[in-house]
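Chemist: Mind looking over this structure? Questions follow.
The values are calculated or read from the model by the stated rules, or taken from the named source; none is laboratory data. As the structure is a prediction and not an experimental result, all values here were calculated from the model. Positions of Cβ are generated from backbone atoms using ideal geometry, with glycine treated the same way; all protein chains shown enter the neighbour counts. When the accessible area is computed, the model is the full protein with side chains, heavy atoms only, and any ligands, DNA or RNA have been set aside. Shrake-Rupley method; radii C 1.70, N 1.55, O 1.52, S 1.80 Å.
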Amino acid sequence: MDHAAPCGDGAAVRLSGTGERGGMDAYDQDSKAPHGPDGSRGARRPGTSDAAGEAREDGESLETGEVDRANDAGEAREAAADEADGADEPRQTDDPGPSDSPEAPGPHFPAPSIAPPPDPVPPIPVTPAPPRTGVAALSPRYQIGAALALAVVAVVACVHLGMVFLHVAPANTVTKQHGKAIDEWIYPEFEQNWKLFAPNPLQQDIAVQVRAQVALSDGSMTTTGWYDLSALDGADIKGNPLPSHTEQNELRRAWDFFTATHDAENRPVGLRGSLSEQYLRRIVVMRLYREDPASREGTVQSVQVRSETTNVPPPEWSHEQVSDKPVYRVLPWWTVTDDEAARGVK
């Protein structure tokens, strides 16, 4: 078989041989040359030294080492890139775990898991103290004053309730020994009237009326007509959902106080008689200065009070017969004191 083998200078050399390995015509077979397609070694020129072949082999080895080093550097870069890509992914292991086989490796210890850091604890909000109100907002000195005032009010209220209880209670040792002090505390403002709960309640309308003698600015005297003070109070109370205590009780209670301390001849009975006269007189003088134009222009010198009592008509189903004519009780003239005439009574 003839072969054309490359040469170092690019020329082709024709080789001939037998089927197994024929002989060389001009060149010897290089035992160190790379194998050809048929397994034979490369050929060289006669006279070519072995040193040249070794140099070629060394060059080829250097080139092969550089390629290998380049390949190794590329693989290292690819491995680094793969590690960077898989840094955020959970690690997976191909280790199948411990086996019962005697050739199996030792026990496998999984990598310790790193717990995530705990959430930060939020700060506890501080609630500001509510502002002080009422007595607590006052300074210590005013707090002491307020406490003393409350204590005085509490003591007075307890004393008043005790006096009222002793006044309405049946006669006992305390009322017999301190009856005068109790009456001075109760009369006339706090007197208790229990006629509504009597077996025969009050069935009469009583109106208190007054007239006065007034000294005018020109020195003359005039007498006013009768003023129905009870009718004026009734007109103020009618239609008023919250009438005042004065409009409801002041004049009525003053008249009841007077009748309870005077006989049928209008003479005082006991020490409270003169007190009831003074109380009733001051009330009517103040009302005259407020209601009568003549009294406002002049000076009230004396007053006269009377009551007009009319029976309440019985219901239609009752057979009771009562008189419908008014009955008058006229009091004597009372001289007005200087302070009352000068409107000093409030």
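Chemist: With the structure loaded, tell me whether Ser99 is among the polar types (S, T, N, Q), at pLDDT below 90, open to solvent by less than 90 Å² (accessible area, probe 1.4 Å) and more than 30 Å from Ser276 (Cα to Cα) or whether it fails that test. Break it down stepwise before answering.
Modeler: On the way: among the polar types (S, T, N, Q): yes; at pLDDT below 90: yes; open to solvent by less than 90 Å² (accessible area, probe 1.4 Å): yes; more than 30 Å from Ser276 (Cα to Cα): yes.
Spelling it out, Ser99 is indeed among the polar types (S, T, N, Q), at pLDDT below 90, open to solvent by less than 90 Å² (accessible area, probe 1.4 Å) and more than 30 Å from Ser276 (Cα to Cα).
Chemist: In region 204-231, which residues are of a type in the set (Asp, Glu) and either closer than 14 Å to Leu288 by Cβ or not in a loop (DSSP other than H, G, I, E, B) (or both)? Lay out the reasoning, then the answer.
Modeler: Filtering region 204-231 down to residues of a type in the set (Asp, Glu) leaves 205, 218, 228.
Passing the criteria: Asp205, Asp228.
Chemist: Among the residues of region 296-339, write down those that are surrounded by 14 or more Cβ atoms within 10 Å (Cβ to Cβ), touching a Ser or Thr at 6+ places or on another chain (Cβ under 8 Å) and among the charged types (D, E, K, R).
Modeler: Matches in region 296-339: Arg329 only.
Chemist: Keeping to region 293-314, report how many residues are within 30 Å of Lys325 (Cα to Cα) and without any contact (Cβ under 8 Å) to a residue 12 or more places away in the chain.
Modeler: Residues of region 293-314 within 30 Å of Lys325 (Cα to Cα): 302-314.
Still in the running and without any contact (Cβ under 8 Å) to a residue 12 or more places away in the chain: 313-314.
The total comes to 2.
Chemist: Sticking with this one: If a residue must be over 19 Å from Pro332 (Cα atoms) and free of Cβ contacts under 8 Å to residues at least 40 places away in the same chain, how many such residues does region 242-269 contain?
Modeler: The total comes to 9.
Chemist: Another question about this same structure. Check Asn240, Asn249 and return the single one that is closer than 21 Å to Asn311 by Cα and polar (S, T, N, Q). Outline the logic, then answer.
Modeler: Working: Asn240 fails: closer than 21 Å to Asn311 by Cα.
It is Asn249.
Chemist: Within region 185-199, does at least one residue satisfy the condition of being in contact (Cβ under 8 Å) with a residue 24 or more places away in the chain and in a helix (DSSP H, G or I)?
Modeler: yes
Chemist: Moving on to the next point. Given the condition surrounded by 10 or more Cβ atoms within 10 Å (Cβ to Cβ), out of contact with any Ser or Thr (no Cβ under 9 Å at 6 or more places or on another chain) and not in a helix (DSSP H, G or I), answer yes or no: does some residue in region 130-140 qualify? Steps first, please.
Modeler: Residues of region 130-140 that are surrounded by 10 or more Cβ atoms within 10 Å (Cβ to Cβ), as a first pass: 135, 137-138.
So of that shortlist, the ones also out of contact with any Ser or Thr (no Cβ under 9 Å at 6 or more places or on another chain) come out as 135, 137-138.
The next check asks that each one be not in a helix (DSSP H, G or I); those that pass are 138.
Looking through region 130-140, at least one residue is surrounded by 10 or more Cβ atoms within 10 Å (Cβ to Cβ), out of contact with any Ser or Thr (no Cβ under 9 Å at 6 or more places or on another chain) and not in a helix (DSSP H, G or I).
Chemist: Next question, about the same structure. Within region 227-237, does at least one residue satisfy the condition of being β-branched (Val, Ile, Thr), open to solvent by less than 60 Å² (accessible area, probe 1.4 Å) and within 15 Å of Val284 (Cα to Cα)? Spell out the reasoning first.
Modeler: Kept after step one, since they are β-branched (Val, Ile, Thr), are these residues of region 227-237: 237.
In the following step, the residues that additionally are open to solvent by less than 60 Å² (accessible area, probe 1.4 Å) were identified as 237.
Filter once more, so that each one left must be within 15 Å of Val284 (Cα to Cα): none.
There is no residue in region 227-237 that is β-branched (Val, Ile, Thr), open to solvent by less than 60 Å² (accessible area, probe 1.4 Å) and within 15 Å of Val284 (Cα to Cα).
Chemist: Quick one: would you say Ile124 is of a type in the set (Val, Ile, Thr), surrounded by 10 or more Cβ atoms within 10 Å (Cβ to Cβ) and at pLDDT 80 or above? Spell out how you get there, then give the answer.
Modeler: On the way: of a type in the set (Val, Ile, Thr): yes; surrounded by 10 or more Cβ atoms within 10 Å (Cβ to Cβ): no; at pLDDT 80 or above: yes.
So Ile124 fails the test.
Chemist: Something else: When you scan region 298-346, how many residues do you find that are in a strand (DSSP E or B) and more than 26 Å from Gln204 (Cα to Cα)? Before the answer, list the steps.
Modeler: Step one: filter region 298-346 for residues in a strand (DSSP E or B), giving 299-311, 327-330, 334-335.
If we keep only those that are more than 26 Å from Gln204 (Cα to Cα) as well, we get 299-302, 334-335.
Residues in region 298-346 being in a strand (DSSP E or B) and more than 26 Å from Gln204 (Cα to Cα): 6 in total.
Chemist: While we're looking at this one, here's another question. Exactly one condition in (1) in contact with a Lys or Arg (Cβ under 7 Å, 6 or more places away or on another chain); (2) over 15 Å from Gln213 (Cα atoms) is not met by Gln304; state its number.
Modeler: Among (1) in contact with a Lys or Arg (Cβ under 7 Å, 6 or more places away or on another chain); (2) over 15 Å from Gln213 (Cα atoms), Gln304 violates only (2).
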